[in-house]
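Working notes for the structure below.
The values are calculated or read from the model by the stated rules, or taken from the named source; none is laboratory data. Note that this is a predicted model, so its numbers are computed, not measured. We place every Cβ from the backbone using ideal geometry, glycine too, and count neighbours over all the protein chains shown.
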Amino acid sequence: MGLCLGSEVTEEGKKAKIHSSQIDRDLFEYAKREMNLVKILMLGAAESGKSTLVKQMKIIHSHGFTKPELASFKPAVLDNLLTSMKFVLHGMGVLRINLANSKNKVHAHSVLSCGRCFDEEQMLFPFIGHALCCLWADQGVRSAAARGYEYELNDSALYFFENMGRIIAPDYMPSEMDVLRVRLRTTGVIETQFEVKHLVFRLYDVGGQRTERRKWMSCFQDVRAVLFVVSLSGYDMTLVEDPSMNRLQESLKLFSSICNNVFFRSTSMILFMNKIDLFQEKILHSGRHLRHYLPQFRGADCDVDAAARFIASMFFFFLWGTPQLLSLHLSSLGCTGFPGNAYFIIDKFICF
């Protein structure tokens, strides 16, 4: 009987040893995965272009979007098209621009009174498609759209107007560029993960609206870097949620709070200054000079580089005397379909 008991103890010991070895292997694999994991928290005020950057990285580094995923953006694209036209029609009132063809008044009324432009099958209502085409052919509408910066027209509006014929077609399927251009409000925290060489990147895109910011705390742990996105072209614009607050001032206020946050004392900062192309257009051609909005700017009115450097210096100010490493990158909205932006971010970590 003693021999029998000894045999049972030996078997239990073997099982315990095997179990212990498995735990050790699991812990080793977990530690290995964590060592190769790069967590990046993407922050920025609303309309800065964060989500576009995330979608770009998905296209470049994560095999892009599947057909069902592309199709899922169709309602948003159609809605963006309708909303943008409504915005232009309202803008015509602000600019005191009339329709070139008075017959288009009925089409303007159709668009303005339409709450939804597609049916349950996601097919655009024919009368709305016709109205949109007639309005875009109107020189009054085109003139107002060209001056969209004067009434804060969506950055992607002209892109959708210029691709209207393709978008309103019955067999329309959104392209990757359409997906990059479409505007969807980010709510909560959206996680995107992909692998490049030996590293796994996990991006956390957090809603830029003020009401979303309380949700950021759950993303702070073990973040390798904060990618803060700023819309340069927002220097003369206000927040949708608070028309009394300038967008650039909101970004500065937000960046300051992040730099002073205890969670980021040793976190690297990447400042991604976006929409330089729209910024350049405004500085050079709109008459909306930077000194009108930032009186402390002493550079020449049409010096785009000086204006951009001045804005960058306002962000650098909050990092003086801190150990945080800051990297600066300038990007244009027109380059959202170009891989350079996505590669820039990833290259920062490949050689770690």
Counting only residues in region 150-164 that are under 13 Å from L78 (Cα atoms) and of a type outside the set (S, T, Y), the one surrounded by the most Cβ atoms within 10 Å (Cβ to Cβ) is identified as F160
Considering region 299-343, residues that are aromatic (F, W, Y), modelled with pLDDT under 85 and exposed (fewer than 15 other Cβ atoms within 10 Å of the Cβ), and then whichever is farthest from K50 (Cα to Cα), we arrive at W320
Checklist entry - Scanning for something within 15 Å of L132 (Cα to Cα), without any contact (Cβ under 8 Å) to a residue 60 or more places away in the chain and not hydroxyl-bearing (S, T, Y), does region 49-63 turn up at least one residue? => result no
Note on E150: of the conditions (1) within 24 Å of E69 (Cα to Cα); (2) touching a Leu at 6+ places or on another chain (Cβ under 7 Å), unmet is (1)
Of those in region 259-301 that are out of contact with any helix residue (DSSP H, G or I) (no Cβ under 6 Å at 6 or more places or on another chain) and aliphatic (A, V, I, L, M), the residue farthest from V229 (Cα to Cα) is A300
Given (1) within 30 Å of V38 (Cα to Cα); (2) surrounded by fewer than 19 Cβ atoms within 10 Å (Cβ to Cβ); (3) out of contact with any Pro (no Cβ under 9 Å at 6 or more places or on another chain), N274 misses just (2)
Output for Cβ contacts, cut-off 9 Å, separation at least six or different chains, first residue free of Cβ contacts under 8 Å to residues at least 12 places away in the same chain in region 163-175, second of a type in the set (A, V, I, L, M), reads A169/L124
- Within region 102-109, is even one residue exposed (fewer than 14 other Cβ atoms within 10 Å of the Cβ), among the small types (G, A, S) and either closer than 30 Å to K197 by Cα or over 28 Å from the mean Cα position of the chain (by Cα) (or both)? yes
Restricted to region 70-86 and to residues being surrounded by fewer than 18 Cβ atoms within 10 Å (Cβ to Cβ) and touching a residue at least 60 places away in the same chain (Cβ under 8 Å), the residue nearest to S113 (Cα to Cα) is T83
Could you tell me whether region 220-241 includes any residue that is at pLDDT below 85 and assigned to a strand (DSSP E or B)? no
Within region 177-200, of all residues that are of a type outside the set (K, R), within 17 Å of the chain's Cα centre (by Cα) and crowded, with 17+ Cβ neighbours inside 10 Å, the one farthest from F160 (Cα to Cα) is T192
